[in-house]
């Protein structure tokens, strides 16, 4: 029986597998879906002023599970509490704290679950990101000016 050479995977197949969610977790674990979270949020939520606590951050992650597009998510507090392993009163307190810090707006929907608007949080994160970009630009300008002047860095 002749030995057949294995087909070398195409480069795009390898790239696709590299970024595939099931490759990062397992196919079985992502059968029910996955949640997209910004790395910038994960790396910086505690740096905001006022800072977001770890529990409040996890509350936001759970809200994002229900945000599929630009529309605001509207999960029930009871569902969030069950998924977070908290009492409903604790989850409501997280929402109130985030609202008080200016990161979340809740809209009542008349007999239905609240709508959670995270636009203020996104704006604050983008503001922080913009400040960092300005600081990086200033550092680069200072470095370039020092090099032009022949000064050692």
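The values are calculated or read from the model by the stated rules, or taken from the named source; none is laboratory data. Note that the coordinates shown come from a computational prediction; the quantities given were computed from them, not determined experimentally. Quick reminder, even Gly has a Cβ in these numbers, built from the backbone with ideal geometry, and neighbours come from all protein chains shown.
Below, the figures for the structure above:
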item	result
Among residues of the range 46-57, those that are surrounded by 17 or more Cβ atoms within 10 Å (Cβ to Cβ) and without any contact (Cβ under 8 Å) to a residue 40 or more places away in the chain, counted	1
Test: residue in the range 20-40 that is at pLDDT 95 or above, surrounded by 15 or more Cβ atoms within 10 Å (Cβ to Cβ) and assigned to a helix (DSSP H, G or I)	no
Residue within the range 104-120 that is without any contact (Cβ under 8 Å) to a residue 12 or more places away in the chain, within 16 Å of residue 71 (Cβ to Cβ) and surrounded by 15 or more Cβ atoms within 10 Å (Cβ to Cβ) present	yes
Enumerated helices (runs of 4 or more DSSP H) restricted to the range 71-153, each holding at least 1 residues that are over 20 Å from the mean Cα position of the chain (by Cα) and modelled with pLDDT of 90 or more	77-84, 88-100
Every residue from the range 58-86 that is at positive phi and surrounded by 17 or more Cβ atoms within 10 Å (Cβ to Cβ)	none
